[in-house]
Structures are given as C-alpha cells and as structure tokens.
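Bear in mind that the values in this text are calculations on the coordinates, not laboratory data. Predicted model, so just to flag it, every value in this text is computed and none were measured. Every residue, glycine as well, gets a Cβ built from its backbone with ideal geometry; the counts of neighbours run over all protein chains shown.
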Amino acid sequence: MSTTPWWASEDLWRKWAIWITAFMLVILIFLTFDSVAKITAGSDRVPGYDVINKRIYYTFNAERNMEEPVIGGDAPLFGKMYTPEEAEALVTLGKLTTQAKNCMNCHTLLGNGAYYAPDLTKAWLDQGWGAESVREQLMVSFLMDPTANARTYGTGRRMPQLGITEEEARGVVAFLKWMSAIDTNGFPKGFKPIQQEAMP
Amino acid sequence: MSIGTFDSSNLDAGQKVAVKYFSVAIVLFVAQILFGLLAGIQFIAPDFLYNVLDFNVNRMVHINAMIVWMLFGFIGSVYWLVEDESGVPLVGAKLANLNFWIFTTAVVVVVLVYLFVQVGPGTQSSIWLINEGREYIEAPRWADIGIVVCMLIFFYNVAATFMKGKWSGISGVLVLDLVALAGLYLAGMFFTANISMDQYWWWWVIHLWVEATWEVLVGCIMAWGLMKTLGARRKIVTTWLYIEVALMFGSGILGLGHHYFWIGTPEYWFTIGGFFSALEPIPLVAMVVHAVYDSGVHRFRNGNHPALAWLIAHAFGNFFGAGVWGFMHTLPQINLYTHGTQWTASHGHLAFFGAYATIIIAVMYLAVQKWRGGVWMSGDMPGNGWKWKWSFALLNIGVVGMTVALLIAGYEQSFIERALEGSTWAGYFAGQTQPWFIQGMEWRMLFGWVTAAGIVLLVWDLATIGRGETRTAINPAVSGEPATAAA
Ligand code: HEM
Ligand code: HEM
Ligand SMILES: [Fe+2]
C-alpha cells in the first residue's frame, strides 16, 4: 500500500509528537517559575514561618467566592514570640517529624495522602480543640499520647504511639499552625473553625 | 533448546535478565496484595495490629511494593524486547545481572527497615535511612540514590544495545521516554519545610510518571506486543505510537495542573489543569480503538491467548481506570468535594491495575511461553486453560468490585464530610460512621479477597502453564516471527 493518506503518515505524526511535547514542556516550565515564586514561604499565598506568632482566621471573599486566610494580631505560640529564624527552625522540625513518622500514610495534608484519618490542612483551627486557650497544650498532649487522648467518635480508630517527643510535638504544632495560613483556594470548603475568643 | 520446560537456553541474554526482574516483580505483587489486605482489615477492625503494624506501615508497603514491582516489570519488559527490537545481543549483559542483584538487595533492605524500624525521630537521618514519609516515593534517600544509579546502568544497557544494532520508531520513543522517566525521579529527592513546595514537586514525579512517561512506556510495549501476538504491521503500530505520544504529552504535561487546585498554587491552574486533564482520556480512547481494531483485523488469530487477553484488558482498564474514573473528578468544581476522599482511592485502584498491572502480566505470559521453548498457548490448552481464565476473571472482578465499593464510599464521604460537615475532625468521622460508608469498606474487603484468590491462581498459572506441552506456538503470520526462533 503505497498510497498512505497524508493524515496517516508516520513522518507527519513524528513531527507533531516532537513539537507538541516541546511546546507543552516550555509552557510548563514557564508556569513553574511563576508558581514557585508564588508559593515560596513569605509570599502572599504561602506566608513566612513567623506567621506562627500571629492569630490566623478566615473570612469570606465574595469576589473570589471562597474563604481566605487573614493574618491577625499577635498570638504567641507556647507563650513565645519567635524570630523568623527560630520560627523556621521550629516548623522545619515539625515537617521533618511528619515525614519521619509517616503521617501522610494515614492523614491527608492539603488533601494529599491517605484517607484513614482526618485532613490536617486546618487542624490548627479545628473545633475539636475546644477553646483557643487550651488548644496548644491539648495538641501536644494528643500527639505525645494519642491512645490515652483518643476520641474516635465511636469508630475505635485510634492514632498509634509514634514516639513523638515534646520538642517534636511543638514543632508539629508550629507546622500545623503555619500550614493553616496557606491560601488553598477555599479547600476544604465550608470548614467550620474553632470559636475565636476575641476577634481582632 | 527444549520444549515444555523452563530452559534458559530458550532465551537471549536480555531475556535471561528479564525473567529475573519478572520473578521479583511477582513476589512484590503478592506482597502488595497481602499488605493491602492488612490495611483494608484495619478500616473495619481498627484494633487489628494496633501499635504493632499500624495502618501507615501497611499502606506504605502496599503502595511502595506496587511502584517497585511495576518498575521491575517495566525494566523486565524492556530487557525482554531489546535484542529482538535492536537485532543485536545485549550490550553489557554481565553488568545487567550484577545490577539486578544490587537493585533487588536494596529493595529487600528497604522493606525490612519499613517493617522493623518503621519510624524514626524528626531528623534528617530518619529520612536518609528509614523512610521519607512521602507517598509512593517513601524509599529513604540512600535508596533513592541507589535507584538512580541502577536506572542509569539499565539505561546504558538499553541505549548501547540500540546504538550497536538498529534503531526503530519504537526504540527511539522508548529511549527518550526512559530518560524523562528517570530524570523526573530527581524532582522527588529533596527536603523542604514548605509543604506547598513539597507537593508541587512531588506531583511532578507522581503525575508526570503515571499520566505521561509511564503511559508512553506502555504504549511502546503495546506496540511491540501487538506485533508479536497478532503480527500487526510495524508501520501501523509506529504511526499509532506517535499519535499517542502527541496526544498523551499534549494533554498530560499541562494536565499536571489538576493537582494544583488546592495546595497553595495560583488560581490559573483551575483553568489550565481542568482543561488539559479533561483531554487526557482522548489518547486512551485511541489506544482502545487501536488494540481492538488490530485484533479484529487479525481475527484474534494469535499465538498467546492469555497475553492477548491481558493486552485487551490493559486497553480497557486504562480507558476506564484512568480516562473515565480520572475524568469524573478532574474538574475543579467537582474536585473541591472529592479531593482526598475514597473517590481518589477508587480511581487509584482501577487506574494502576487497569493501566499497568495488566500489561506487565501480558508480557510475563509472553515470557513464560518463550522460556518453555515457544510452546502452544492458544485455544485447546490442557484443562481448557482454566487457570489463566479464572485468574483473569478473579483479578478483574476483584479490582472492579473494590473500585465500585470505594466509589460508593467516596460519594458518601464527599457529601457528608466535605459538603455538609466542612471537613473537621468530627466531620470526618461523621462521614466514616455512615452505614453506606461502612458497607463500602466491607464490600471492598470482600472483593479484596477475590483479588487475592486471583493472584494466587496467577502465580500458579505462570509457574505451570505450558509444562509438558509438546506443540509449538502458532506463528501469527506477517511480520511476527515464530516465538521459537532463537535470537
Ligand atoms: C494510568 C494513569 C493514571 C493512574 C495510574 C492514576 C493514578 C492516580 C492516583 C494513585 C491518584 C491518587 C494520588 C494520591 O495518592 O494522592 C490519582 C489522583 C488523581 N487523578 Fe489519576 N491516575 C491516572 C490517570 C488520570 C487521568 C487520565 C486523569 C484525568 C482525566 C486523572 C485524574 C486524577 C485526579 C483529578 C486526581 C486527584 C484526586 C484528588 O484530588 O484527590 N488521573 N491518580
Ligand atoms: C487485596 C486487594 C487490595 C486491598 C484490600 C487494598 C487496600 C488498600 C487500602 C486499604 C488502601 C489505603 C486507602 C486509604 O488511604 O484509605 C489502598 C491504597 C492504594 N492501593 Fe490498594 N488494595 C488492594 C489491591 C490493590 C491493587 C491490585 C492495586 C493496583 C495495582 C492497588 C493500588 C493502590 C493504590 C494506588 C493506593 C493509593 C490510593 C490513593 O492514595 O488514592 N491496590 N489499597
Ligand atoms: Fe494526575
């Protein structure tokens, strides 16, 4: 069969394959430069680590039609105000702990991970911690001994003992506080946050 | 040369390496299923192995064993076809063997550490030595570096062999794709405290693997497989391969944006990710058309019935698991509610099984056929081929059953936890305690046992099919050489 129609020509499709791939790659690289700048810690969408010194809450933005994070006044973590370097070190410890303890094979962070346990994107703002004044301590105690502090809401599904030290638990809490201030385009939608004790 | 028994003199040097990789792949596949069962049981009976072998450990072994057995399956497949496709003996066969043993030893060490050390303190040394705590690429950093080295050696074998022999459209695409596949792995090898940045690059590895480079790799294997099983013409399969590359990379590269809706990345990804990922099913339809059309043209006359059945299962599984199940939750308007729920798990199971497990199994059937001296594997096998037919049925029914069960659970979870309860701790459990969710988990378990029965039969069949057979295989005419021909 020597009369292959033009649209079935091997050569033509080889060229298309190469050009389309190259074109898409160039666009992806271009967008990546832009996105990486916009998600670097300290940008509008992803705050600097010293946001752990501030109150974090959400308001509805009608124009974007979604909840967006607002950084409020001072709200020291564990009674302390951190320098940017100290804050970064603490959040880094927390992030390392979440990796070393493999949290993401039970939980989701930013909605990615496993589906055996609650999403932790806004765990810092969860109503389950009761009141703002006791939250930090409750979180540390929970992480250090999830068996004794289990809730499970009737499922019996408990978080295991992961050997988290107090120092690591504080790092994790700082990491969770920082993560709750990331602008996630309204995910998870309709999240019902903890009662704010004194709105700024 | 002998027929009816496993005799490595029936294989060329590349194929001798391939069957080693396939053997380890099968062992890891069994491990994947075992640990999947343990994790599934924990959804129903959470006290089971609590504080001994927790859900995160079981799940990590489940999905990491999957990634590694599939990589082993792909590497094996490429070693399998490299001499046939290049026309010359494998370059660096000794090195290839050594590489296999190093790679396998590393995998064993990694798994033992997962199981017996499990977690470490929040330090860099934990992620260098124990596990990195990042889904699918949990392997500790030392192993990452090892994997890269092993992939380079593998790449050397393949590229050098083609360079010495002849190139073809298939081998050209294959080699370029392997470069991209290995290169992408580097995007997952760094630590950052910034979870948004972490997820941004993590998806480069995961998405650009399964929705771009792996798809093209199996496209190459499929093209070669259709020539071998059916005797399809090279010019036709090569043209199709280019079309698939154009469509798959054309949609899949920017389709990456469907993972950038909620991780802190800008809003333009809604449009880009939604649009391009919605196009991703198109190449998958094209592949179905291609496979079914070719089979029809050749009237399904072929020398290896199990392999052809699995190739067709691949075409449909890829289309439904990736194309349809992926499309269902890929638009941001829907993904806002389904993101990170059992919907995702439903899609993940059907897609990985349908697109990748199937085609590797097909190549394994081609491998055992030749290993036994090119035995008869068409109709009229002893026992009417009941083992391969039953394992085929049980595996497919099992995975489809799990997929449907998880989808129902996922619907329920999206409604209750995501839409009504606002995804809090209490809201999460409000979803998990709904009767329909619980039933979904129970049905998943039931179909999980069906899947497990299927894999037992599969292993048995691969080990015994063609034993004592004296007839040689059908030669699928045209360009397909007889499976008995020594390379
Ligand atoms: C063979 C190809 C594919 C495989 C193996 C695959 C597998 C997966 C897996 C395992 C996940 C979950 C990742 C995680 O753990 O977070 C996932 C997520 C996803 N996939 Fe695919 N996929 C494939 C193709 C597709 C296609 C073609 C589409 C779209 C048309 C798609 C759409 C999605 C979406 C939107 C998500 C995110 C789910 C979420 O928000 O939680 N996938 N895929
Ligand atoms: C005996 C059969 C199986 C059982 C009981 C099982 C069970 C599970 C469980 C419990 C999870 C964790 C889901 C969660 O986080 O909630 C999971 C995840 C996963 N399994 Fe399986 N599995 C089985 C077979 C398979 C097979 C055959 C494949 C593919 C070849 C597979 C691929 C996956 C993937 C890709 C994930 C991650 C999904 C995601 O993150 O969205 N599993 N499985
Ligand atoms: Fe994707």
### Task
Pop out the ³J(HN,Hα) list for the stretch B:200-208 in order, Karplus 6.51 cos²θ - 1.76 cosθ + 1.60 with θ = phi - 60°, rounded to Hz; leave Gly and Pro as x.
4, 7, 4, 5, 4, 5, 5, 5, 6
### Summary
Rounded to two decimals, the Rg over Rh value of chain B from Cα coordinates and the Kirkwood Rh reads 0.96
#### Entry: B:Ala187 versus A:Lys15: modelled label distance in nm, points set 7 Å from Cα along the beta carbon direction
2.9 nm
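Mean Kyte-Doolittle of at least 1.0 and a Cα length of 15 Å or more along the axis: which whole DSSP H helices of chain A meet both?
Details: long enough: A:10-38 (42 Å, 1.02); A:84-100 (24 Å, -0.06); A:132-144 (19 Å, 0.46); A:166-179 (19 Å, 0.02).
Counting only whole DSSP H runs, the qualifying helices are A:10-38.
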### Message
Taking R0 as 25 Å, what FRET efficiency do you get between B:Asp380 and B:Asp84 from their Cβ-Cβ distance, rounded to the nearest 0.05?
### Response
0.40
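Can you tell me how the stretch A:49-180 classifies by the Cα gyration tensor, rounded, prolate or oblate, using a/c under 1.5 as the rounded cut?
Working: a/c = 1.59, a/b = 1.21, b/c = 1.31.
Oblate shape, in that a/c is at least 1.5 and b/c is the bigger or equal ratio.
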### Task
Describe numerically, in nm with one decimal, the distance between label points set 7 Å from Cα along Cα→Cβ at B:Gln434 and at B:Glu267.
2.9 nm
### Message
Less than 30 Å apart at the alpha-carbon level, and either on another chain or at least 8 residues along: which lysines does that give for A:Lys15?
### Response
B:Lys164, B:Lys166, B:Lys228, B:Lys235
### Message
Restricting the calculation to Cα positions, tell me the Rg (one decimal) and the Dmax (whole number) of the stretch A:1-99 in Å.
### Response
24.5, 82
### Query
Which whole number gives the average, over all residues in B:34-42, of C-beta atoms from other chains lying within 10 Å of the residue C-beta?
1
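Counting only other chains, and only Cβ atoms inside 10 Å, what mean value do you get across the residues of B:251-260? It would help to have the intermediate numbers written out before the result.
Details: counts 2, 2, 8, 6, 1, 4, 3, 0, 3, 4.
Per residue, the average neighbour count from other chains is 3.
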### Task
Take the alpha carbon gyration tensor of the stretch B:132-263, find the square roots of its eigenvalues, order them as a ≥ b ≥ c, and report rounded if a/c is under 1.5; if not, report prolate when a/b exceeds b/c, else oblate.
oblate
## Note on the structure
With the 8 Å Cα cutoff and a minimum separation of six or more residues, chain A has a relative contact order in percent of 24 percent
### Query
Zone of B:Ala278 (label point 7 Å along Cα→Cβ, backbone N under 17 Å): which residues in the stretch A:171-191?
none
### Summary
Here, B:Arg301 and B:Leu95, labelled 7 Å along Cα→Cβ, have an inter-label distance in nm of 4.4 nm
### Footprinting exposure proxy for B:Cys220, A:Cys103 (fewest neighbouring C-beta atoms within 10 Å first)
A:Cys103, B:Cys220
### Message
Please compute the length gained on full extension between B:Val109 and B:Val285, using 0.36 nm multiplied by the number of residues separating them and subtracting their Cα-Cα distance.
### Response
59.3 nm
### Query
Cross-link partners among aspartates and glutamates for B:Lys16, C-alpha distance below 18 Å, same-chain residues fewer than 8 apart left out?
B:Asp7, B:Glu83, B:Asp84, B:Glu85
### Message
Over 19 Å between Cα atoms: which of A:Lys122/A:Lys192; A:Lys80/A:Lys177; B:Lys20/B:Lys387; A:Lys101/A:Lys192; A:Lys122/A:Lys189 fall into that group?
### Response
B:Lys20/B:Lys387; A:Lys101/A:Lys192
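Taking the Cα centre of chain B as the origin, how large is its charge dipole in debye, to the nearest 20, when only Lys and Arg (+1) and Asp and Glu (-1) carry charge on their Cβ atoms?
Numbers: 22 positive and 27 negative charges, 283 e Å.
Roughly 1360 debye for chain B.
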## Note on the structure
Quick calc, A:Ala89 & A:Val134: beta-carbon distance into FRET formula, R0 35 Å, rounding 0.05, result 0.85
### Task
Tabulate in residue order the Karplus-calculated ³J(HN,Hα) for the stretch B:345-359, using 6.51 cos²θ - 1.76 cosθ + 1.60 with θ = phi - 60°, rounded to whole Hz; enter x for Gly and Pro.
5, 4, 4, x, 5, 5, 5, 5, 5, x, 8, 10, 4, 4, 6
### Query
Taking neighbour Cβ counts within 10 Å as the exposure measure, how do B:His314, B:His329 sort from fewest upward?
B:His329, B:His314
### Task
May I ask you to compute the full-extension gain from A:Phe33 to A:Thr147, defined as 0.36 nm times their residue separation minus their alpha-carbon distance, rounded to one decimal in nm?
36.6 nm
### Summary
Each residue of B:135-144 has, on average, a number of other protein chain C-beta atoms within 10 Å of its C-beta equal to 1
### Task
Would you calculate the volume per residue, in Å³, of the smallest convex hull containing every Cα atom of the protein assembly as shown?
142 Å³
### Task
Measure nothing fancy, just the Cα-based angle from helix B:55-86's long axis to the longest principal axis of chain B, in degrees from 0 to 90, nearest 10.
30 degrees
### Query
What ranking of B:Thr470, B:Thr433 emerges when the number of other C-beta atoms within 10 Å of each C-beta is taken as an exposure proxy, fewest first?
B:Thr470, B:Thr433
## Note on the structure
If amide H atoms are modeled at 1.01 Å from N in the peptide plane, then the residues at a separation of 5 or more from A:Lys54, or on another chain, having amide H under 5 Å from its own are A:Ala75
### Task
From zero up to wherever the largest Cα-Cα distance of the stretch B:9-166 sits, split into 10 Å bins and tell me the percent of pairs in each.
11, 35, 28, 17, 7, 1
## Note on the structure
Long-range amide H partners of A:Lys192, meaning residues 5 or more apart or on another chain whose placed amide H is closer than 5 Å, are B:Thr424
### Summary
Amide H neighbours of A:Val70 at under 5 Å, excluding residues fewer than 5 places away on the same chain, with H built from the backbone geometry, are A:Tyr57, A:Tyr58, A:Thr59
### Task
Determine ³J(HN,Hα), in whole Hz, for all residues of the stretch B:114-130 in sequence, where each value follows from phi through the Karplus function 6.51 cos²θ - 1.76 cosθ + 1.60 and θ = phi - 60°; x replaces Gly and Pro.
3, 7, 9, 9, 6, 9, x, x, x, 10, 4, 5, 5, 7, 7, 10, 10
